[in-house]
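Input: a single structure, listed below in structure tokens.
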Amino acid sequence: MATSPCSSSGVSSSSSSGLGADAGLEIRTRSVEQTLVPLVSQITTLINHKDKPKRSDKTLQAIQRVGQAVNLAVGRFVTVGEAIANENHELKEEMSVACIEAKRAGETIAQLTDVANLDHPESDSHITIFTDKTGVVKAARLLLSSVTKVLVLADRIVIKQIITSRNKVLATMEQLEKVSSFQEFVQIFSQFGNEMVEFAHLTGDRQNDLKDEKKKARMAASRAVLEKCTMMLLTASKTCLRHPDCESARINKDGVFHRMRLALEQVIEIVTDSRPNGENELAPISIYSGIKEFKNKVEGLRENLYFLSKENLSTMLEVILEHTEDFTDSAYTSHEHREHILELSKQAKMELEQLVSVWMQAQNQKTKDLMEDLEVAILKTCQCMNELKREVHSAATSLATDLLKYHTDHMVLKALKITGVEGNLEAVAEYTCKLSEQKEQLVEMCRLLRHVSGTEPLEITCIHAEDTFQVTGPQIISAAETLALHPSSKIAKENLEVFCEAWESQLSDMSLLLREINDVFEGRRGEKRVYLSLPRPGKHNANLKALKPVKLDTEEQAKIAKLGLELHLLTSDVDSETEKWEDQENEIVQHGQGMSSMAYSMYLFTRGEGLLKTTQDLFHQAEIFATEGTKLASALHAFSDQVHDDDKPLLLLEAEKLISMCKQLQITARASAQGKSATFTKVDACILKTRNVMTLLCQLLPLCCKLLRKNKAGNGCLKPAPPWKEDRIRTGTKAHTPERRVETFGIKSLENHITNLTFLESK
């Protein structure tokens, strides 16, 4: 089985076969990457067979079948590519050239593998894979390059959809800014709501498809801003319409529009991989990443004493210690932590001096004693850096814990609401000063947490949180001033409520972020991928109030919490099982990990945490979870076709159970529920059925892993793989709206024709 053909910088080559594709074609999405895997597998099989001396009739027939299968699949692929070209004139020329090249390469491969009926396939009288060995490699290179180009061009259509959707949102926002009557505003905002939902789903699909985890995190942050700002835009605009001469109301509204435009721009930057005026993104360096890199260099001295200079190492330590000044200079760092950080910084300099001294001596004379001294110096330097890392982590997380606990009562926000309704401008001014102080504390907390977050996605989440507090604080103040000037205004009161809710929500998210940062530090599941769920188009109108969660009473909350805890334990079990697989790219493992991630986000919902904020979010997440389970069942069926072992009937039985359970979960998630009681029953049923699916998954994963290990041990429990089923690719390609019809001629339809190939096991 060939490994993945793609890398973040382009398409990598297969070292064994000399395959490669156009290095200029950068593949940024999983869908394009995974579409190429079966094609590379087939071609690698052919290349590996061209040099084998023994060629039985069975082998020759198999080679011919693979060649024909490749040619047929490429033919269908080209047909779809040409249809895409006809529908998108700006891509027509490039797409047509790539399709012609792919077709020509497919036909060449079919001709070179037409060997089954030849008595002497290696004879020079016939040009075949065995006589023209460079010809098949050239054809394979051309095929991979042209197919990749078609896929990347088709991917541009998805980018074009997102840009078009963004442009529609921007145009409608401009109209909303200029309206002067409530009637006109309501009409335009209804249109805006529908456009935002469509944009949310286009960008959500793209977010999940991105390979770069850093870009995923940035996309998630931008989408979160847009989601929250949509409600803010509604109330801020209504307040401005009601009080057109109020300066604070205008400032409040302008702030929302400005933030939404920045978020929309960032989404396009991520999608198109570009920045304004060609600027390069300068990622802020955290203490954690600096220490990690420094330790890697220090430990590298064991293998090579000459690969870097002492000046480089000293500079790296200086940069780390400069960043520790963010802690030692902070007014919110405790005296004890400050002293410990300063002591460890001083010790780190001394340890590095000792290390450099021994290192320089070892370069001149590699005696046993000197190498032992070097090992001791390396260990002491790394130990000191670990202690420094532990100390700054403790300082940041202690501050965060204290601040979040102190501000959990939201006293300042409550006071602003009360004094605003009273029209007490003096009291409002007093509490806005206190909110500004609170904002500065929380911003500093975010900056320090970024240094110890441990992963780039969590660093980006810290930066997003810092920006949110920086922006939302002044917006709350302007909303409170507006209410104080118009204390009887219901819309001004509602507007202040919305901004206060956004602040409270961000504080709640900080508690979750702090937990994830601690999980990374302690080596637990801090990098768990959580799927962001938003309502589907058509299910909700533009009145976003409908998305408020249903409040459960104590007994109901206890029942849900118990189910959630069981779900949490099962996600840990599934994660443990998937970690046992050697091939983490295996389709069964990836579906299992995806399901575990979604189940984990549902567990967080039962605790009132995470990205699923409403019951509608939960139900939509359950639907996606069930769809992922159905895909896993398809993968299990394909896997079972390869199994000779006695466990095959059990595997098929479990796969059928999985399909049935996922269908039941989908039915439950899609069923309508009116009222609190019915909604609780539906939440309970969704989590219960998700738990049951996860229980089954815990049984399926070890069974499949066992069968794979048997095969590797040579017990012959697997036979050559059968044709890939198109059904496995077609899930999820249905368009939801007329505007998304183009998806039928996009990456998914191209996947169908490449993955419908027969795998040939090399013998």
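The values are calculated or read from the model by the stated rules, or taken from the named source; none is laboratory data. The structure presented is a predicted model; accordingly, all values stated were derived computationally and were not measured. Cβ placement follows ideal geometry from the backbone for every residue including glycine, while neighbour counts extend to all protein chains displayed. Surface accessibility is based on the protein's heavy atoms, side chains included, excluding ligands, DNA and RNA. Shrake-Rupley method; radii C 1.70, N 1.55, O 1.52, S 1.80 Å.
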For segment 287-400, take every pair of Cα atoms, bin their distances at 5 Å starting from 0, and report each bin as a whole percent. 2, 12, 23, 22, 15, 11, 8, 5, 2, 1, 0
7 Å from Cα along Cα→Cβ at both Asp573 and Ala331: what's the point-to-point distance in nm? 5.3
Beyond 30 Å (Cα-Cα) in this structure, taken from Lys58/Lys710; Lys160/Lys214; Lys211/Lys405, we find Lys211/Lys405
Segment 287-400 - accessible surface per residue (Å², probe 1.4 Å): 54
Residue separation times 0.36 nm, minus the C-alpha to C-alpha distance between Ser274 and Ile667: what's the value? 137.3 nm
For Arg607 paired with Asp467, estimate the spin-label separation in nm (one decimal), with each label point 7 Å from Cα along the Cα-to-Cβ line. 2.7
Pseudo-spin-label distance Glu94 to Gln175, built 7 Å along Cα→Cβ, given in nm, is 3.2
Provide the per-residue ³J(HN,Hα) series for segment 297-304, in order, calculated from phi with Karplus coefficients 6.51, -1.76, 1.60 and θ = phi - 60°, each as a whole number of Hz, with x at glycine and proline positions. 5, 4, 5, x, 5, 5, 8, 8
Difference of contour (0.36 nm per residue) and Cα-Cα distance, Leu703 to Leu308: 137.4 nm
Cβ-derived FRET efficiency at R0 51 Å, Glu372 paired with Ser436, nearest 0.05: 0.30
Residue-by-residue Karplus 3J(HN,Hα) for segment 333-349, coefficients 6.51, -1.76, 1.60, Hz, glycine and proline x: 7, 5, 4, 4, 5, 4, 4, 5, 5, 5, 5, 5, 5, 5, 5, 4, 5
Which pairs break 20 Å Cα to Cα here: Lys657/Lys689; Lys389/Lys439; Lys238/Lys417? Lys389/Lys439
With R₀ set to 51 angstrom, the calculated FRET efficiency between the beta-carbons of Arg65 and Val186, to the nearest 0.05, is 0.20
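What does the extension gain come out to for Glu318 and Glu213, with contour length at 0.36 nm per residue minus their alpha carbon separation?
Here the answer is 34.9 nm.
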Surface/4 of the Cα convex hull for segment 161-272, nm²: 6.5
Pull up all non-local amide H partners of Val643: gap of 5 or more, or a different chain, and H-to-H distance under 5 Å with H placed in the peptide plane. Lys719
Give the separation of the Cα centroids, segment 195-252 to segment 394-415, in Å. 26
In Hz, Karplus ³J(HN,Hα) per residue of segment 311-323 (6.51, -1.76, 1.60; θ = phi - 60°; x = Gly, Pro): 5, 4, 5, 5, 5, 4, 5, 4, 4, 4, 5, 4, 5
